[in-house]
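Asker: Got a structure for you, written out below as structure tokens; questions coming shortly.
The values are calculated or read from the model by the stated rules, or taken from the named source; none is laboratory data. Every value quoted in this text rests on a predicted model; they were computed, and no experiment measured them. Here the Cβ positions follow ideal geometry from the backbone for every residue, glycine too, while neighbour counts run over all protein chains shown. When the accessible area is computed, the model is the full protein with side chains, heavy atoms only, and any ligands, DNA or RNA have been set aside. Shrake-Rupley method; radii C 1.70, N 1.55, O 1.52, S 1.80 Å.
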2 protein chains.
Amino acid sequence: MNAKNDVERILMSHGGGGKLARELIERELLPVLADETLAQLGDSAHVTGAERLAFTTDSYVVQPIFFPGGDIGRLAVCGTVNDLAVSGARPLYVSLSMILEEGLPLSDLRRVVRSVKAAADEAGVRVVCGDTKVVEHGSADGIYLTTSGLGRVPDGVELSPSHIRPGDAVLVSGTLGDHAIAVMSAREGIAFQTEVTSDVQPVNDLAEALLSAAEVRCMRDPTRGGAAGILCELVEAAGVGIELDEKSIPVSRGVRSACDVLGLDPLYAANEGKIVAVVSSATAEAGLEAWRSHPRGRAAAVIGRVGKDRPGRLTLRTLPGGRRIVDMPMGEQLPRIC
Amino acid sequence: MNAKNDVERILMSHGGGGKLARELIERELLPVLADETLAQLGDSAHVTGAERLAFTTDSYVVQPIFFPGGDIGRLAVCGTVNDLAVSGARPLYVSLSMILEEGLPLSDLRRVVRSVKAAADEAGVRVVCGDTKVVEHGSADGIYLTTSGLGRVPDGVELSPSHIRPGDAVLVSGTLGDHAIAVMSAREGIAFQTEVTSDVQPVNDLAEALLSAAEVRCMRDPTRGGAAGILCELVEAAGVGIELDEKSIPVSRGVRSACDVLGLDPLYAANEGKIVAVVSSATAEAGLEAWRSHPRGRAAAVIGRVGKDRPGRLTLRTLPGGRRIVDMPMGEQLPRIC
């Protein structure tokens, strides 16, 4: 494939969580596939059998496949569990499909499969079906995984950006950017003053805790494109404005200093074990307490408010006291982060 | 990754439908993932919600991505629909996850996505969720797809090799080997006397027709490893012997002559739009008629019988009148056939 100028081609940024990825999906996929459920672009599709089911899929191409705090196996299970969880579903079953590169050490495969099992047990889901394909050396990069997930949507749970109202609070379940910085340090061999480990973990228990404690409008899994990416989508979908308060956004010391050095913004950096949620003003404190009393949610915080002004805009009240617009990222800051 | 001799590594044949692939799954995956449903290694996992659901996944790495009679998009939808169908389920929903290589012409992507939609419509399923990842040029081979599928298992449908009884008939819904030969001719630029096109098609209507007309013990989708591969699995799982009758095995003229030239055996060659079924002796004729009266099943045939002798053995009564054992293939005759 020569990069001839007269042919439109796939770019790395088509794979990020930003505008170009969105354009690719909206122009090339949705009009052709023409399905109303698919077109909602939710974290999971809700479909109806005798009961309401949630169905989701994601491929994982993270490089390197082992990084501080996790590996591609743990990532693949948690990513799919979390997509189900933030849609309001109880994750039940996961499928595992692997594309292996000829020459991959079996010890790497074993480590990844053990990690898949451990993460599934931690999340309380079963891996019930799978597939394995092998491609020639040079036609993949060690191992690519695709997981799909199936969950049950409890009666009464209806999450949607359309439920967001002025006055609602924006919550995050913990510090931002840990996954992106951990993968980056592993990839580039950069050592930061404080070692950063990925936050990759299942958050279905956190999602259930919030649903029990608060009036939840919607939840999102801030992976590619980070918290900024998914909040930009929410303000657009809900036709509201959201103002974030920079000083209340939890970021670990290690991530903060790594971002300073690298010129990255933790708001755009990928997470793999966090929830961003919008809840009613009246139940924000109760929701926050529910998260903070949970081991995975100790650093939870209210990071912003929904307003009537500037519908479709995400703004940030900065530390110095100014205010700036937070835009949808164009592509991913870091390719192959998940 | 250097091919050092002291490290166990993934081989191309680990990706075939044969013994080495089976060993990889049985030694490296099943003991670790430890799930009773996964361990059944069915075409689909049957799970229970308020009703019985079937869940399946497959990755597709076929090379080239366009071949006579189809492309990777049609293959990915049909493969998953067919896995659900042969397990006795009615396919309902499909997920689509794509790994794209940087530099892929957008026109190729568009063609594949249109093909996904056309195949989904043909099968009567909806594509309800998806994902897109992009990897650097050289880290994939154009496009890899992973589809998962969700179906409903009708009340009363219980298919299992354990239901197979001596005297049962082995049916195939049409000619064997068309997919493998079509892909091979596209890949190698070989022109055969008669052009061979892939049989890639959804067979959920054929599966339903057979279930209505006959007492079905079990059905299988003879993809990688071909009809021989899945029949070897069945005789082992059921503890019976099966004798095939070579003269009754439907093979098109084009496939026959291509196999002669290439030294391939159509029994081991991959199919992507066929069903191999075991049905009770008393209902074999009715099942065959149901298939033959269907546009996708005109070449259906009874190709063998289940016997008491030689449990665990698949044998072939050859054209000259001899009898030979048909072994499980070691690897795939043709890598990256699906």
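Asker: I'm checking my understanding of the structure. Among residues of region B:126-145 that are at pLDDT 95 or above and in contact with a Phe, Trp or Tyr (Cβ under 7 Å, 6 or more places away or on another chain), which one is farthest from the other protein chains (Cβ to nearest Cβ)?
Answerer: B:LEU145
Asker: Continuing with the same structure: Could you run through region A:53-85 and say how many residues are under 22 Å from B:VAL127 (Cβ atoms), part of a strand (DSSP E or B) and within 17 Å of the chain's Cα centre (by Cα)?
Answerer: Here the count works out to 7.
Asker: Report yes if B:LEU264 is within 18 Å of B:ASP199 (Cα to Cα), among the aliphatic types (A, V, I, L, M) and open to solvent by 10 Å² or more (accessible area, probe 1.4 Å), otherwise no. First the steps, then the outcome.
Answerer: Details: within 18 Å of B:ASP199 (Cα to Cα): yes; among the aliphatic types (A, V, I, L, M): yes; open to solvent by 10 Å² or more (accessible area, probe 1.4 Å): yes.
Here the answer is yes, as B:LEU264 does meet what is asked.
Asker: State all residues of region B:88-115 that are basic (Lys, Arg) and at the interface with chain A (Cβ under 9 Å from one of its Cβ atoms); if no residue qualifies, say none. Before you say what the answer is, go through the steps one by one.
Answerer: Narrowing region B:88-115 to residues basic (Lys, Arg): B:90, B:110-111, B:114.
Scanning region B:88-115 gives B:ARG110, B:ARG114.
Asker: Look through region A:23-52, keep the residues that are in a strand (DSSP E or B) and open to solvent by less than 40 Å² (accessible area, probe 1.4 Å), and return whichever of them is farthest from the other protein chains (Cβ to nearest Cβ). First the steps, then the outcome.
Answerer: As a first pass, look at region A:23-52 and keep what is in a strand (DSSP E or B): A:45-48, A:52.
From the residues that got through so far, the ones that are open to solvent by less than 40 Å² (accessible area, probe 1.4 Å) too are A:45, A:47.
Numbers: A:ALA45: 4, A:VAL47: 5 Å.
Among those residues, the one meeting the criterion is A:VAL47.
Asker: Got a sec? Which of A:ALA286, A:ALA282 is over 30 Å from A:LEU11 (Cβ atoms), touching a residue at least 40 places away in the same chain (Cβ under 8 Å) and out of contact with any strand residue (DSSP E or B) (no Cβ under 9 Å at 6 or more places or on another chain)? Give the steps one after another, and end with the answer.
Answerer: On the way: A:ALA286 fails: out of contact with any strand residue (DSSP E or B) (no Cβ under 9 Å at 6 or more places or on another chain).
Result: A:ALA282 is the single residue among A:ALA286, A:ALA282 that is over 30 Å from A:LEU11 (Cβ atoms), touching a residue at least 40 places away in the same chain (Cβ under 8 Å) and out of contact with any strand residue (DSSP E or B) (no Cβ under 9 Å at 6 or more places or on another chain).
Asker: Let me ask you something else. Give the number of residues within region A:179-200 that are in a loop (DSSP other than H, G, I, E, B) and either buried (at least 23 other Cβ atoms within 10 Å of the Cβ) or over 17 Å from the mean Cα position of the chain (by Cα) (or both).
Answerer: Going residue by residue through region A:179-200, those that are in a loop (DSSP other than H, G, I, E, B) are A:189-200.
Adding the requirement that they be either buried (at least 23 other Cβ atoms within 10 Å of the Cβ) or over 17 Å from the mean Cα position of the chain (by Cα) (or both) leaves A:189-196, A:198-200.
Summing the residues that are in a loop (DSSP other than H, G, I, E, B) and either buried (at least 23 other Cβ atoms within 10 Å of the Cβ) or over 17 Å from the mean Cα position of the chain (by Cα) (or both) in region A:179-200 gives 11.
Asker: Same structure again: Of the numbered conditions (1) open to solvent by less than 20 Å² (accessible area, probe 1.4 Å); (2) within 14 Å of chain A (Cβ to nearest Cβ), B:ILE164 satisfies every one except a single condition; which is it?
Answerer: Only one criterion is unmet by B:ILE164, namely (2).
Asker: Could you identify the single residue in B:VAL203, B:VAL153 that is in contact with a His (Cβ under 8 Å, 6 or more places away or on another chain) and either open to solvent by 20 Å² or more (accessible area, probe 1.4 Å) or within 27 Å of B:VAL47 (Cβ to Cβ) (or both)?
Answerer: Numbers: B:VAL203 fails: in contact with a His (Cβ under 8 Å, 6 or more places away or on another chain).
Being in contact with a His (Cβ under 8 Å, 6 or more places away or on another chain) and either open to solvent by 20 Å² or more (accessible area, probe 1.4 Å) or within 27 Å of B:VAL47 (Cβ to Cβ) (or both) holds for just one of B:VAL203, B:VAL153, which is B:VAL153.
Asker: Out of the residues in region B:280-337 that are open to solvent by less than 70 Å² (accessible area, probe 1.4 Å) and of a type in the set (Val, Ile, Thr), which is modelled with the lowest pLDDT?
Answerer: B:ILE337
Asker: Restricting to region B:86-131, count the residues that are in a loop (DSSP other than H, G, I, E, B), under 19 Å from B:ILE65 (Cα atoms) and aliphatic (A, V, I, L, M). Don't jump to the end; show me each part of the working.
Answerer: Taking region B:86-131 as the starting set, the residues that turn out to be in a loop (DSSP other than H, G, I, E, B) are B:87-89, B:102-104, B:124-125.
Imposing the further condition that a residue be under 19 Å from B:ILE65 (Cα atoms) reduces the set to B:102-104.
Filter again for aliphatic (A, V, I, L, M), leaving B:104.
Of the residues in that region, 1 qualify.
Asker: Here is a list of conditions, (1) within 30 Å of A:ALA186 (Cβ to Cβ); (2) surrounded by fewer than 21 Cβ atoms within 10 Å (Cβ to Cβ), and A:VAL255 meets all of them except one; can you say which number that is?
Answerer: Exception for A:VAL255: condition (2).
Asker: Check A:GLN63 against each of (1) within 9 Å of chain B (Cβ to nearest Cβ); (2) closer than 28 Å to B:GLU8 by Cα; (3) open to solvent by less than 10 Å² (accessible area, probe 1.4 Å); (4) touching a residue at least 40 places away in the same chain (Cβ under 8 Å) and name the one condition it does not meet.
Answerer: Every listed condition holds for A:GLN63 apart from (3).
Asker: Same structure, new question: Pairs please, first residue from region A:144-169 and in a loop (DSSP other than H, G, I, E, B), second anywhere and surrounded by fewer than 14 Cβ atoms within 10 Å (Cβ to Cβ), Cβ atoms under 6 Å, 6+ apart in sequence or on different chains.
Answerer: A:PRO166/A:LYS308
Asker: Further, regarding this structure: Residues of region B:99-143 being of a type in the set (Gly, Ala, Ser) and touching a residue at least 60 places away in the same chain (Cβ under 8 Å), which ones? Give the derivation first.
Answerer: Taking region B:99-143 first, the residues of a type in the set (Gly, Ala, Ser) are B:103, B:107, B:115, B:118-120, B:123-124, B:130, B:138-140, B:142.
Residues satisfying the conditions are B:ALA119, B:ALA123, B:GLY124, B:GLY142.
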